[in-house]
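The block underneath contains the structure these notes are about, expressed in structure tokens.
The values are calculated or read from the model by the stated rules, or taken from the named source; none is laboratory data. What you are looking at is a predicted structure, and each value in this text was computed from that prediction instead of being measured. Cβ: placed from backbone, ideal geometry, glycine included. Neighbour counts: every protein chain shown.
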Amino acid sequence: MRNLRLPFSFSIVSLLSGAVGVLAVSYIGLIAVVMSYAALTVEFSQSVKNDEAAVAVLEGQYLTSVSNIQDLDYRTVGYAAPIAQIFVPATSMTALR
Amino acid sequence: MRAQFRSRIRFVLALIVLAALLILVRLYFVQIVHGGDYALKADRQFASGGSGLFDRGSIYFTGKDGTNISAATLATGFLVAINPQTLADPEAAYAAIAAVASTTVSHDAFIAAAAKKNLVYVEVAQHVPDAVGQMLAAENIPGVQVLRERWRYYPGGTLASQSIGIVSYGSGDALTGQTGLEAEYDATLSRSGDSLYKNFFAELFSNVGNLLVNAKDAREGSVVTTIEPDVQARLEHDLAAVNQQYSSKESGGIIMDPATGAIVALASYPDYDANDLQNVDPSLLGNPLVEQVHEFGSIMKPLTMSSGLDAGAITTRSTFDDPGCITVNTMRICDWDFKPKGVIGVKQIILQSLNVGASWVATQLGQDKFRSYFTSFFGQKTGIDLPNEGHALLGNLATTQQVNFDDMSFGQGIAVTPVQMIRALGAVANGGRMVEPHLVSAIRLDSGITRTLDWSKTTRVFSATAARETTQMMTEMFDTKLENGRAIIPTMSVAAKTGTAQLTDGHGGYYTNRFFHSFVGFFPSYSPRFIILLYTDDPQHVEYASETLDTTFLDLTHFLIDYYQIPPDRGFATSTPA
């Protein structure tokens, strides 16, 4: 081991020390990325929930209007009962003749 | 010089390594050892009172075009709290809050809370809308905190409220589903609340298994129902109308696809608004269509008829002598009009709703076979995905007195839930096969995967021939008898049956002037898209179901034909409405 010689101009200790330094800096960088990611996740999640809540308000209005339409008497808004109903020829396979 | 340079380099590298080690140790403590504490601390900056923001999956209606519309979701807003120790001017603070937040506590309660100087946190207004909360926060009133809040919101209000259910604090300290689909699918809808703090490196150290396969991802999601909001609204509207017109105790209805068991609408009246539970009668929180049993009366006759035909005890050409009333085991059984009909064909049992005829079929069938058929119809729960499903009361099946079997043949002396009833009658519409009634078609997992639920299991209870022959009788009843034949739809065959049962008096007998009305029908008769079951309990001043529920049934039938553009299944004609 003592006689081990690398074909480089610097020692193995320096090489490993440098590697540790690079890894440490990389780790710190990755931690920063992860924390930013977590922060963005929280922010986006909150944003999505807010949007869903806004959509829910619109859905509430839609469902209220659906109920109102069911309650609506068409005659009160000027419509009249049809004079005649004309049915189209049946082509159903299960038609009874 | 070279040696000196090398030693300096080594010294610098040692410092870097030492610094890196210190940072590693520190990060380990921050992320893993104290990670939970920091997560909680972050939570408090977003949420109120030390707990995380409420989170829960959604429940969706499904429109006829496949669009999902929220039936239960989350609303986002603010809650307002005061710190009595730092609140300088309670009157001014109350005025400012009450001016914008409609859910504020009363003035007296606010002042009383502000006087409790030993407290630091008292909530005074909840569910404050987003814009209002931000406006209030901008005022920066000393001692007043405006905090983020999320709560359960039901966009439809009363729409399908008894099926969707509610969330509330049960025995624990967490909001959980208590009734309806909220309870049935609580494991899917509830959230553990830590998903936002997932850290790849922390997970790598602490829980590598979860990093690869997360059990929560396979469980947490949203629920997609088969309920169609427009149809549901129509059914609720019609039930409310009939209930109010006849001052009934309760009215209910189910619309189902008889081939798949998918329930398109399920409603009872009275119901409640799930967004406003403060003054709701607790007895309304359950679902009577699943939990309560009734004697349905003559809509049981198609099942008796199908059983008799399937067993070979009778054929469509069989005849019997109907004296109008018969005596069985000293008990008198009569037709609705008490009149003798002479020798008539069996289809008259359905067309004229003859109790004596149904009793005759039960006698021809024999007690053992009758017991076997009706146990297969009602002996088990339907398996519907709603909690607290009730059991049918089938005690009379265990007896040997023929009068009990005769009673059951026309729907008295046997009590079943509406869901059990539509499931059994659905077999007549579905070629003799009973399906699994259900409200949820799929689970949309948070992982992005949609898991379709399998409800394809069917149970054959009688032959397709018996079902078709009974359907023909029910179709003729609709075409010729309902509203004296005026209800006929020229281009659509509809099979139907009315039922009028006497209500039990609680002392082993029946009232002679109080009734339970029911109505069942499906269309097109020989390839049905929908089966409708309706009932109204104890309607006042009216005796027969044909008087109370035929209008409701016809309205729903025409609505569904138009809404789903169901193609005609029989001849065409021109008609002029009366």
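Pairs needed: first member in segment B:171-182, within 17 Å of B:Arg150 (Cβ to Cβ); second member anywhere, assigned to a helix (DSSP H, G or I); C-beta distance under 6 Å; at least 6 residues apart or different chains.
From residues that are within 17 Å of B:Arg150 (Cβ to Cβ), the pairs are B:Thr176/B:Asp186; B:Gly177/B:Ala183; B:Gly177/B:Asp186.
Select from segment B:139-179 the residues that are at positive phi and at pLDDT 90 or above and write down the one among them that is farthest from the chain's Cα centre (by Cα).
Checked segment B:139-179; the qualifying residue farthest from the chain's Cα centre (by Cα) is B:Gly157.
Scan segment B:252-268 for residues that are surrounded by 24 or more Cβ atoms within 10 Å (Cβ to Cβ) and either among the charged types (D, E, K, R) or outside any strand (DSSP E or B) (or both) and jot them down.
If the condition is that a residue be surrounded by 24 or more Cβ atoms within 10 Å (Cβ to Cβ) and either among the charged types (D, E, K, R) or outside any strand (DSSP E or B) (or both), then B:Pro258, B:Gly261 are the ones that fit.
Taking segment B:155-167 on its own, how many of its residues are crowded, with 23+ Cβ neighbours inside 10 Å and farther than 22 Å from A:Gln46 by Cβ?
Summing the residues that are crowded, with 23+ Cβ neighbours inside 10 Å and farther than 22 Å from A:Gln46 by Cβ in segment B:155-167 gives 8.
Only one of A:Val34, A:Val22, A:Val48, A:Val55 is at pLDDT 75 or above and in contact with a helix residue (DSSP H, G or I) (Cβ under 7 Å, 6 or more places away or on another chain). Can you tell me which?
One residue alone meets the criteria, A:Val34.
Restricting to segment B:197-223, and then to whatever is surrounded by 22 or more Cβ atoms within 10 Å (Cβ to Cβ) and of a type outside the set (S, T, N, Q), can you tell me which residue is modelled with the highest pLDDT?
B:Val223
Can you tell me which residue among B:Ala71, B:Ala81, B:Ala109 is over 27 Å from B:Arg444 (Cα atoms), among the small types (Gly, Ala, Ser) and in contact with a Phe, Trp or Tyr (Cβ under 7 Å, 6 or more places away or on another chain)?
Of the residues listed, the single one that is over 27 Å from B:Arg444 (Cα atoms), among the small types (Gly, Ala, Ser) and in contact with a Phe, Trp or Tyr (Cβ under 7 Å, 6 or more places away or on another chain) is B:Ala81.
Take the residues of segment A:19-32 that are farther than 14 Å from B:Leu27 by Cα and aliphatic (A, V, I, L, M): which is nearest to the other protein chains (Cβ to nearest Cβ)?
Among them, the one singled out is A:Val20.
If the requirement is being within 14 Å of chain A (Cβ to nearest Cβ) and not polar (S, T, N, Q), which of these qualifies: B:Asp276, B:Asp281?
Only one candidate qualifies: B:Asp276.
Restricting attention to segment B:72-89, which residues are away from chain A (no Cβ under 14 Å) and assigned to a strand (DSSP E or B)?
Hits for segment B:72-89 are B:Leu79, B:Val80, B:Ala81, B:Ile82.
I'd like the full set of residues that are over 20 Å from the mean Cα position of the chain (by Cα) and part of a strand (DSSP E or B), limited to segment B:440-450.
Matches in segment B:440-450: B:Leu445, B:Thr450.
Check every one of the helices (runs of 4 or more DSSP H) wholly within segment B:335-403 and list those with 3 or more residues that are in the same structural domain as B:Glu469 (by TED's automatic domain parsing) and over 36 Å from the mean Cα position of the chain (by Cα).
B:355-365
Criterion first (closer than 21 Å to B:Val416 by Cβ and of a type in the set (Gly, Ala, Ser)) does B:Ser247 satisfy it?
The answer is no for B:Ser247.
Filter segment B:463-498 down to residues that are assigned to a strand (DSSP E or B) and free of Cβ contacts under 8 Å to residues at least 60 places away in the same chain, then give me how many there are.
Number of matching residues: 1.
Looking at segment B:499-512, which of its residues are more than 29 Å from B:Asp310 (Cα to Cα) and either in contact with a helix residue (DSSP H, G or I) (Cβ under 9 Å, 6 or more places away or on another chain) or not in a loop (DSSP other than H, G, I, E, B) (or both)?
B:Leu503, B:Thr504, B:Tyr510, B:Tyr511, B:Thr512
Inspect all residues belonging to segment B:298-312 and state whether any of them is closer than 20 Å to B:Leu354 by Cα, assigned to a loop (DSSP other than H, G, I, E, B), charged (D, E, K, R) and assigned by TED's automatic domain parsing to the domain that holds B:His517.
There is no residue in segment B:298-312 that is closer than 20 Å to B:Leu354 by Cα, assigned to a loop (DSSP other than H, G, I, E, B), charged (D, E, K, R) and assigned by TED's automatic domain parsing to the domain that holds B:His517.
Yes or no, residue by residue, for (1) at pLDDT below 95; (2) farther than 29 Å from B:Thr400 by Cβ; (3) polar (S, T, N, Q):
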site: B:Val293; (1), (2), (3): no, no, no
site: B:Ser306; (1), (2), (3): no, no, yes
site: B:Trp336; (1), (2), (3): yes, no, no
site: B:Ser359; (1), (2), (3): no, no, yes
site: B:Gln367; (1), (2), (3): no, no, yes
site: B:Thr375; (1), (2), (3): no, no, yes
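Just a yes or no: is a residue in segment B:265-275 modelled with pLDDT of 90 or more, out of contact with any Ser or Thr (no Cβ under 8 Å at 6 or more places or on another chain) and farther than 30 Å from B:Ser518 by Cβ?
Yes, the conditions are met somewhere in segment B:265-275.
Quick one: in segment B:124-147, which of the residues that are in contact with a Leu (Cβ under 6 Å, 6 or more places away or on another chain) and surrounded by fewer than 21 Cβ atoms within 10 Å (Cβ to Cβ) is farthest from A:Asn50 (Cα to Cα)?
Among those that are in contact with a Leu (Cβ under 6 Å, 6 or more places away or on another chain) and surrounded by fewer than 21 Cβ atoms within 10 Å (Cβ to Cβ), it is B:Gly143.
From the list B:Phe516, B:Phe522, pick out the single residue that is in contact (Cβ under 8 Å) with a residue 60 or more places away in the chain and either more than 19 Å from B:Lys249 (Cβ to Cβ) or part of a helix (DSSP H, G or I) (or both).
None of the other options fit; the residue is B:Phe522.
Say whether the condition of being within 22 Å of B:Ser298 (Cα to Cα), within 28 Å of the chain's Cα centre (by Cα) and of a type in the set (Phe, Trp, Tyr) is met by at least one residue in segment B:503-516.
So far as segment B:503-516 goes, yes, one or more of its residues are within 22 Å of B:Ser298 (Cα to Cα), within 28 Å of the chain's Cα centre (by Cα) and of a type in the set (Phe, Trp, Tyr).
Among (1) surrounded by fewer than 18 Cβ atoms within 10 Å (Cβ to Cβ); (2) within 14 Å of chain A (Cβ to nearest Cβ), which single condition is B:Arg444 missing?
So the condition that B:Arg444 fails would be (1).
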